[in-house]
Each structure stands twice: as C-alpha cells, then as structure tokens.
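Working notes, structure below.
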Amino acid sequence: MKRIVLCCLGFWLAGVGQALVARSAESQQGAHVVSYYGYDDCLRLQNETTRVILCPASGGRVLEYARAGTNALYLPPGDEGWIYQAGEEGHSPSAGRFDIGPEQTITAHPQLWLGRWSGKITGRWSVRLTSPADAQTGVQLTRDFMLDPKSTRLECKQTIRNISNQTREYCHWSRTFAVGGGICLIPLTEPRRFPHGYVMYGPDAAIQFRPRDPQIRMRDGFLEILGAPRYPKLGMDSYAGWFGYLMKNNLLFVKRFAAYPDRVYNEVAGLTTSIWYPDGPMCELEPIGPRERLAPGKSASFTETWWLLQHDYPAEGAMVNLAKLSAQVDRQAPAK
C-alpha cells in the first residue's frame, strides 16, 4: 500500500512539475522588458519558436530576430551597450536598422539614425519605438512591431510624421544587416528598366546599368546574388513585393513589402530594393518605399513583414531549386 501511495505521489509531482514548466514557458511569451547586449531597456517579443529583441536606446533597431535560438541578424561582439554622443556620426550600428531617404540628398540625421528612442509595450505581442523630434529633417518616426503568436511572422511598420511647417519629401529605407555569406533571391518582374535586372554602384558613385559579375545571374525569373560582387552596392527595380535571403544556417529570411509600379521612387535610380553585399560578415537587405510628399502635420507609413523559414542551403556546386523555394514562400510566408 505504501508503495502504491509513493508511486501515485511520484506521478502527481511529475505532473505538477510539467505544469510548472509549461506555465513558466508560457510566462516567457509575449512582450517583456529585458537586458540584452549591454542595454537594460530592451523590449522582447517571444513565442514558442521566435524571439525578437528591440533596442530603443540606440537608433530604434532590432538586435535579434531568431528562430529556435538562431539569430538571423548580424550583431558583432565589441559594440555592446554603445550609446550615441554628439559628434560620433561615423559610428555604424549593426543588426536590424531602419532609416529614411533618399540616400543621396537627405540631410544628416544622427538623432534618428543613432540616437536614443523611447520604447513602449502596446499589447501582448506588440511594441512601439518612437524617435526624438528631429529638427534637421523636420520629422518624427515611429516603428511598430507585431509578432504573430504562432509563427515567425514579424510585422515592422515605420511611420514618418512631418512636424515642420513646410512640405517634406522622404521615403522608407530599410537597412537590415543579416548574417553574411548567404544567397539573395529576388523575383524579377516585367517590364523592367534594368537590362540585367539590377544596377551596380561603382567607383565615384557611378551607376552601371549593364553590369556583369560572376556572382550575379538571372535564372528562372529570379536574380541570384551568390556572394560578394566586384562592387557591393546593388539596386533593383522589381515590383514582386518580396525577396529572400538564404543563409548557411539553413534559414531563409523572407521580406514582403508593397511595391507600386505607378508611384515615384526617389532614389537616384528609382530603386524598389537595394542589396549591399561586401566581402565581410554581413549582407544588407534593403526594401525601399516610394516617395512620400508630406504636408505639415501629415504622416505616411510603410510596412515590411518578415519571416524565417527552414530551407536547406545548397551543397557546394548545387543550385537553389527556385520553383520549390518560391512555392514554399507562397505557402509559408503568404502575402496576406
């Protein structure tokens, strides 16, 4: 009888232990304030598979976007806890950066790019980051992030609000540093302005409209960037509204975003997408929004939706099965 009681007690304790573990795991989900990478006021969004860490203290950026503990973003050691001080404009932060453009004509705006933002939990699965009011550009930015409770889907919405007394023209400019060494996969659309599907920014900012590079090819309706090209800055005019970046850790980083064939894109070459692929540890993934002409007090928003999908990196000498990858994106990272 004693043995039966002890056995029942053991089963009960095991059940209680499992319930406590499940409750503890559940309590870690949703939005929380955490310390991370030398910052004490980060905001974390987390579900069973996905973790997002947002940093208001240094440029309102994403420090981690991870599936099963593997961060897709480039976050190097040695930069922990860095805080912008006036005059340090040469510093370039890493990981999930956002910005506004157009790149070549916008005035310097270190407070937006590097400065201290504020952060607020707006729901169980959502966070808002807000920039300082910036006198140089005449705008204030907000970034709203929402993580799907059941998947890696992360919605990133940036809003530009004109706080000045004159009309301003800007565009959304994403500047995400992903882990380097992957393959960029950009669907091409017709008609297109660029004969080879892309332009390359060469020496002295000269834009080459018919570049050729052994690391870049058009195949089966896609532009593939297999590695660092001769010059790292590239631009595309695709209106497909998504691209993928397949990493050697077998994660496919997908970005979806609206593209508008009938609107003005005010980057120099009218880009909808840019890729900066240096011979280094990161690759910059850059959706670009259309021109927003904002009267005083008006605002405009642009949304990128991110996914991390499991997809095997091809063996040496093999090619990505583009049809299979495209079907996977349609199925697991749908437009709606």
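Each reported figure results from applying straightforward, stated rules to the coordinates on display, with no laboratory input. Just so it is clear, the structure is predicted and the values come from calculations on it, not from any experiment. Methodologically, a virtual Cβ is constructed for each residue, glycine included, from the backbone with ideal geometry; neighbour enumeration extends over all protein chains shown.
Report the GluC sites (Glu not before Pro) located in the stretch 57-149 that are in a DSSP loop and have at most 15 other Cβ atoms inside 10 Å of their Cβ, or state none.
On the way: sites: E64, E80, E88, E89, E103; in loops: E80, E88, E89, E103.
Sites meeting the loop and neighbour criteria: E80, E88, E89.
Non-local amide H neighbours of A258 (under 5 Å, H modeled in plane, Pro and chain starts lacking H): which ones?
Long-range HN contacts for A258: T303.
Once the cut-off is 12 Å, how many percent of the Cα-Cα pairs in the stretch 59-98 end up in the long-distance tail?
Details: 490 of 780 pairs.
For the stretch 59-98, the share of Cα pairs beyond 12 Å comes to 63 percent.
Quick one: in the chain, what % of C-alpha pairs are over 31 Å apart? Let's see the in-between values first.
Working: 19992 of 56280 pairs.
Of all Cα-Cα distances in the chain, 36 percent exceed 31 Å.
In whole Å, how far is the Cα centre of the stretch 126-189 from that of the stretch 303-317?
21 Å
Taking Cα atoms, how many degrees apart are the long axis of helix 2-27 and the longest axis of the chain, rounded to 10 and kept between 0 and 90?
The angle comes out at about 20 degrees.
Please arrange T122, T303, T272 by counting, for each residue, the other beta carbons lying within 10 Å of its beta carbon, fewest first. Intermediate results must be reported in sequence, preceding the final value.
Details: T122 13, T303 17, T272 27.
With the sparsest Cβ surroundings first, the list reads T122, T303, T272.
Given only helices, namely DSSP H runs of n ≥ 4 each adding -39500 (n - 2.57), what is the per-residue ellipticity at 222 nm of the chain, to the nearest 500 deg cm²/dmol?
Numbers: 3 runs with 41 residues, N = 336.
Using -39500 (n - 2.57) per qualifying helix, the result is -4000 deg cm²/dmol.
For a footprinting-style exposure proxy, rank Y39, Y245 by other Cβ within 10 Å, fewest first. Please list the in-between numbers first.
Numbers: Y39 19, Y245 23.
Ascending number of Cβ neighbours within 10 Å: Y39, Y245.
Between the stretch 50-96 and the stretch 222-256, how far is it from one alpha carbon centroid to the other, in angstrom?
So the two Cα centres are separated by 21 Å.
Relative contact order for the chain using alpha-carbon pairs under 8 Å, separation at least 6, rounded to a whole percent? Don't skip to the end; give the middle numbers.
Working: 763 pairs, mean separation 51.4, N = 336.
About 15 percent, as a whole number.
Give me R51, R61 ranked fewest to most by other Cβ atoms within 10 Å of their Cβ, as a rough exposure proxy.
On the way: R51 22, R61 27.
Least to most surrounded, the residues fall as R51, R61.
Using only Cα atoms, what Kirkwood radius does the stretch 255-336 have, in angstroms?
Details: mean 1/r = 0.0629 Å⁻¹.
Final number for the Kirkwood radius of the stretch 255-336 is 15.9 Å.
Would you work out the charge dipole size for the chain about its Cα centre, treating the Cβ of every Lys and Arg as +1 and the Cβ of every Asp and Glu as -1, and quote it to the nearest 20 debye? Each step should come with its number before you reach the end.
On the way: 37 positive and 32 negative charges, 211 e Å.
Approximately 1020 debye in magnitude.
Quick one: which of K120/K150; K157/K233; K233/K298; K233/K336; K150/K324 span more than 28 angstrom between C-alpha atoms? Before the final figure, lay out the partial values.
Working: K120/K150 22 Å; K157/K233 25 Å; K233/K298 32 Å; K233/K336 31 Å; K150/K324 24 Å.
Violating the 28 Å limit, Cα to Cα: K233/K298; K233/K336.
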